[in-house]
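K.L.:
Next up is a structure, given as structure tokens.
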Amino acid sequence: MGKRTIIPFGPQHPVLPEPVHLDLVIEDEKVVEAIPSIGFIHRGLEKLVEKKEYTELVYVIERICGICSFGHGWGYCHTVEGLMGIEIPERAEYLRTIWHELSRVHSHLLWLGLLADGFGFESLFMHCWRLRERVLDLFEKTTGGRVIFSVCKVGGVRKDIDKETLDEMVSVLRGMEKELKELTETFINDYSVKNRLVGVGYLSKEDAIELCAVGPMARASGIRQDIRLTGNGVYDKLEFEPCVETAGDCYARTLVRMREVYQSIDMIAKAVELIPDGEISVPVKGNVPKGEFMARLEQPRGEAFYYSKGADSKFLERIRVRTPTNMNIPAMVKTLQGCDLADVPMLILTIDPCISCTER
Amino acid sequence: MSYVTKSPWIIHYDGSSCNGCDIEVLACLTPMYDVERFGIINTGNPKHADIFLVTGSVNEQNITVVKLIYEQMPEPKVVVAIGICATSGGIFKECYNIMGGIDTVIPVDVYVPGCAARPEAIIDGVVKGLGVLAEKRAAMDQKPAVAAEVKEKEEA
């Protein structure tokens, strides 16, 4: 029985990309308990609902998080469209799906890079981010922005993508796939990478269900859960099977996210094949009627939930967003119990934390 | 770029930004923009750093963290506020938990506009910061001389 010590970890820490604070209770080199405390980037943007009209609020909602900004905009627009009974054109649905999947590719590449940086594989980190820049170039070409796009609006999307650009998008992504293969081979087969990931941070299927884990965290523990299966957007036409692994450790979570990158590229290619011609938005006028609407969306990090309450005016009465990291923090705390102190950054990273989503 | 004779190290703290500027700061360090070719390295230790990059605005909770990092940095030091949130609060200015730009807490030398700030703009901001750093260093070198002059005058 060793002596118990508490080590404060964060919010500013050399290996921590996100401002979260953890009190790590350690005994010798083992973590006995981890107590998270958050609130460093709480802005209170849900309250802005009282000051911004529902059409302007899209810009605020997009800035919940700069990594999955498109998804947040989509989720919010979907709830308002539901409240107002707006049916958006099919082409807009396709375009939204394409952009959302492109976000997933960029987000997972970003995460793979951060993970590589976390276990000290600097060149792998650089290569992941080098590939990611190509996705950002596609974003810049189609929306005008690199991280914040403002392309989703209530009633559809703001910009159309022509046929040539769509084809170019697919060819760029297909070209990327080959280079990505080399990187993923390293993640899968490299001896030292495996040493850091296999068997670390085990989360059983029962615990994942009990602690309400979502997204890749749940899928790596053998739960076949993916909101895209419910067929929002045009996902029902894209025919896909969620990537599920059963090992439940950091390695499995990495595998899930890597397979999802390839899957998203396939989905974009399929959507580009199927996309119909037509309008990209419908005009939206008048107040948001009284009522409530809820929507769910599969973000790169897992299930996100959106809620809007209308008040028969230009201003909504309430919005609420529940983000995936929020749901994964209990699972993270669970995996931290009993781990080595040196593995702590790895475990925090593998839930793909996005604290600015969590605190809003 | 004539003042890049030394390798400035940067430290980055995410105030209450949306991660947009954060990932652009990181993008500066990676192969596409690669500021490491100028000797600029991202460090996690405030005592190693010359330039403090802050994204996002301050709130009650992180005000001490920002101050502590700033105080721990050795002189001369430069603060670069990245993005409109760090400059003035930006889109979140009216939020109840936002106190405003970084300059409400610590002195800021360079402001980089944008939402999110582009990597080119961030690099430009850091290069401007290098100029300020050189000036501050020169001022520090002069200080002992100035003090001696004053002393001489007093004695005379």
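The values are calculated or read from the model by the stated rules, or taken from the named source; none is laboratory data. Quick caveat, the model's predicted, so the values are computed rather than measured. Note that we place each Cβ from the backbone using ideal geometry, even for glycine, and neighbour counts take in every protein chain shown.
K.L.:
Mind listing just one residue for me: the one in the range A:142-157 that is closer than 14 Å to A:I98 by Cα and of a type outside the set (A, V, I, L, M) and, of those, surrounded by the most Cβ atoms within 10 Å (Cβ to Cβ)?
P.N.:
Per the stated criteria, the residue is A:C152.
K.L.:
Find the residue count for the range A:339-360, including only residues that are on the phi > 0 side of the Ramachandran plot and among the β-branched types (V, I, T).
P.N.:
Here the count works out to 0.
K.L.:
Is it the case, given these coordinates, that B:K47 is basic (K, R) and more than 12 Å from chain A (Cβ to nearest Cβ)?
P.N.:
no
K.L.:
Consider the range B:87-104. How many of its residues are in contact (Cβ under 8 Å) with a residue 60 or more places away in the chain and of a type outside the set (S, T, N, Q)?
P.N.:
3
K.L.:
Has the range A:289-306 got any residue that is assigned to a loop (DSSP other than H, G, I, E, B) and surrounded by fewer than 18 Cβ atoms within 10 Å (Cβ to Cβ)?
P.N.:
yes
K.L.:
Okay, moving on. Do we have A:I86 as away from chain B (no Cβ under 14 Å), at pLDDT 85 or above and part of a loop (DSSP other than H, G, I, E, B) here?
P.N.:
Yes, satisfied.
K.L.:
Now a separate question. When the range B:109-127 is examined, which residues are found to be in contact (Cβ under 8 Å) with a residue 40 or more places away in the chain, away from every other protein chain (no Cβ under 12 Å) and surrounded by fewer than 20 Cβ atoms within 10 Å (Cβ to Cβ)?
P.N.:
Answer for the range B:109-127, where residues must be in contact (Cβ under 8 Å) with a residue 40 or more places away in the chain, away from every other protein chain (no Cβ under 12 Å) and surrounded by fewer than 20 Cβ atoms within 10 Å (Cβ to Cβ): B:I123, B:V127.
K.L.:
Separate question: Mind counting the residues in the range A:44-82 that are more than 24 Å from A:P353 (Cα to Cα) and part of a helix (DSSP H, G or I)?
P.N.:
10
K.L.:
Can you tell me which residues in the range A:92-140 are among the small types (G, A, S) and more than 14 Å from chain B (Cβ to nearest Cβ)?
P.N.:
Hit for the range A:92-140 is A:A92, nothing else.
K.L.:
From the set of residues in the range B:21-44 that are in contact with a Phe, Trp or Tyr (Cβ under 9 Å, 6 or more places away or on another chain) and more than 8 Å from chain A (Cβ to nearest Cβ), which is surrounded by the fewest Cβ atoms within 10 Å (Cβ to Cβ)?
P.N.:
B:G39
K.L.:
Does A:R146 qualify as being touching a helix residue (DSSP H, G or I) at 6+ places or on another chain (Cβ under 8 Å), at pLDDT 85 or above and within 14 Å of another protein chain (Cβ to nearest Cβ)?
P.N.:
yes
K.L.:
Output the residues belonging to the range B:11-28 that are closer than 23 Å to A:L124 by Cβ and more than 16 Å from the chain's Cα centre (by Cα).
P.N.:
Answer for the range B:11-28, where residues must be closer than 23 Å to A:L124 by Cβ and more than 16 Å from the chain's Cα centre (by Cα): B:N19, B:I23, B:A27.
K.L.:
Also, quick follow-up: Grab the helices (runs of 4 or more DSSP H) fully contained in the range A:112-225, keeping just those with 2 or more residues being in contact (Cβ under 8 Å) with a residue 24 or more places away in the chain, over 23 Å from A:C354 (Cβ atoms) and hydroxyl-bearing (S, T, Y).
P.N.:
Where helices (runs of 4 or more DSSP H) fall fully within the range A:112-225 and carry at least 2 residues being in contact (Cβ under 8 Å) with a residue 24 or more places away in the chain, over 23 Å from A:C354 (Cβ atoms) and hydroxyl-bearing (S, T, Y), they are A:163-189.
K.L.:
Can you tell which of A:H106, A:H78, A:H72, A:H100 is buried (at least 20 other Cβ atoms within 10 Å of the Cβ), free of Cβ contacts under 8 Å to residues at least 60 places away in the same chain, under 18 Å from the mean Cα position of the chain (by Cα) and closer than 30 Å to A:F293 by Cα?
P.N.:
A:H106
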